[in-house]
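Structure record follows, encoded as structure tokens.
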């Protein structure tokens, strides 16, 4: 018992002694700070002093992030010449006399500055790398690095707005559409009217003049049924399914222009588009069709078009994106929604795919008068589109497209066994060497493969165009237009080009990589759209699939089973066999 007491008595003073040492060291540092502060005051300097002395700026050059001025033009000067924050000789001498704990703290601070400087330098390097993200591959073709170049077709599938805009740009005229129209009237007992000419619609002379000036000689299939409903009295609401190129934009523009009273200087027709670019495209149609209405004006409610608060709009037609239109109607009061006579919601499937647009569109619709005519158009009629349409358009007439089964009867399908990318390319060269190909489209799975293949074909003397998802929509449209005009004979593309291109001269489609979804299963719909680029306009086409593994062979077999069509093997080393498939 006595031994424990003695041990305790010895141990307690040791703990107390340690606390005294710590307190003494802390007091010494505080005393040094107070002393330095007093000396600074006597010299007339700043009253506040950092706990650690400033680190000299020499040997380091400018602070991180400063890349201009004298520091950018000459190397870092020696001590005393640096333009950065420096420490006076007196402060340096005082720093040298600091306690060891202070020196350790100073070293830690200096180390932290080094780390910050290194991080800043790394961030600047990263900025330059982001701008120059192109690297030549082993074959000399310039392609994107892995973070963008090796994105698969599934990863780079375009949003619907971009695809819709692309279709509008490349389809300046109406395309032949074999789909049949199904009409569901609000009142099944009322007679169903359709027209075969624009004269039957009894349009105003200025409007009829504008229609013919745009090159519309007769109504398209959807216009034949939709226009009598949209122009009827009293106005009727409409939900219509329509693809790009079928004349649906011209149809609802015709409806808006028919109901506008040019003498009334306030918004009467309101059209919502999901994006700025699509709004401008629709606006162009309005301007072209209404060119013979000099007193008719159009306003764009899109980003960047700023008006003074309290200003009233005198234009009779307003077209814009949901967010801006909602602000103009509710917050800024530029538009009186109670005076709107026609409300058009274009690209509804694109609209609901954009965050916020669905709710904004519904809020705008609820501000409109009950007798306002509601017109909604969508390329697809999925469940989400139907739910949205029913909220926006009450008691509608409905026009649907009866989708005909696409046939593969006019397309010869073959596959070629290969073991590598290079063998695929050699097989492709053998095909080109044996048969005459007017124009061909070649589909690849990644941007990197597409870039490499385009480079190799160019080396062989082919006129090649490259199309992939990182290009702007306008750039893609320009490439497609050049290909359509025959300026390039080969179009190498990823999946962004599977739909929407109708080029009569395309006689061969080659799947350099078979289409698969994100899970690695065959993408039958994409396969159909790909090879459907040939065999059009009543002509026979040729589709060749490159198979380079057991997995891709399995994909091909499943595609055969799905379409119940035999895909024959082709030996590209046998030129006679290749020549036979062209006959």
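The values are calculated or read from the model by the stated rules, or taken from the named source; none is laboratory data. All of these numbers come straight from a predicted model, not from anything done at the bench. When we count neighbours, we look across all protein chains shown, and the Cβ atoms used for this are built from the backbone with ideal geometry, even at glycine.
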With (1) under 22 Å from residue 186 (Cα atoms); (2) crowded, with 24+ Cβ neighbours inside 10 Å; (3) over 29 Å from the mean Cα position of the chain (by Cα) as the list, and residue 257 as the residue in question, which single condition is left unmet? (1)
Please go through segment 217-256 and pick out each residue that is out of contact with any strand residue (DSSP E or B) (no Cβ under 8 Å at 6 or more places or on another chain) and within 15 Å of residue 182 (Cβ to Cβ). 246
Selection count, segment 573-583, where residues are in contact (Cβ under 8 Å) with a residue 40 or more places away in the chain, in a loop (DSSP other than H, G, I, E, B) and out of contact with any strand residue (DSSP E or B) (no Cβ under 9 Å at 6 or more places or on another chain): 1
Total residues in segment 346-372, condition out of contact with any helix residue (DSSP H, G or I) (no Cβ under 6 Å at 6 or more places or on another chain), at pLDDT 95 or above and within 13 Å of residue 270 (Cα to Cα): 1
Given (1) more than 18 Å from residue 253 (Cβ to Cβ); (2) surrounded by fewer than 23 Cβ atoms within 10 Å (Cβ to Cβ); (3) within 30 Å of the chain's Cα centre (by Cα), number of the condition residue 322 does not satisfy: (2)
Has segment 450-461 got at least one residue that is surrounded by fewer than 18 Cβ atoms within 10 Å (Cβ to Cβ), outside any loop (DSSP other than H, G, I, E, B) and in contact (Cβ under 8 Å) with a residue 40 or more places away in the chain? no
For segment 212-219, state whether one or more residues are assigned to a helix (DSSP H, G or I) and modelled with pLDDT of 90 or more. yes
Pairs please, first residue from segment 420-435 and free of Cβ contacts under 8 Å to residues at least 40 places away in the same chain, second anywhere and assigned to a loop (DSSP other than H, G, I, E, B), Cβ atoms under 7 Å, 6+ apart in sequence or on different chains. 429/460
Let me spell it out: the conditions are (1) within 24 Å of residue 286 (Cα to Cα); (2) at pLDDT 95 or above; (3) surrounded by fewer than 23 Cβ atoms within 10 Å (Cβ to Cβ), and residue 307 meets all of them except one. Which number is the exception? (2)
Test: residue in segment 433-441 that is in a helix (DSSP H, G or I), at pLDDT below 90, out of contact with any helix residue (DSSP H, G or I) (no Cβ under 6 Å at 6 or more places or on another chain) and more than 30 Å from residue 550 (Cβ to Cβ): no
Enumerated helices (runs of 4 or more DSSP H) restricted to segment 463-572, each holding at least 3 residues that are farther than 23 Å from residue 432 by Cβ and modelled with pLDDT under 90: 473-484, 524-531
Would you mind telling me which numbered condition in (1) surrounded by 23 or more Cβ atoms within 10 Å (Cβ to Cβ); (2) over 18 Å from residue 162 (Cα atoms) residue 285 fails? (1)
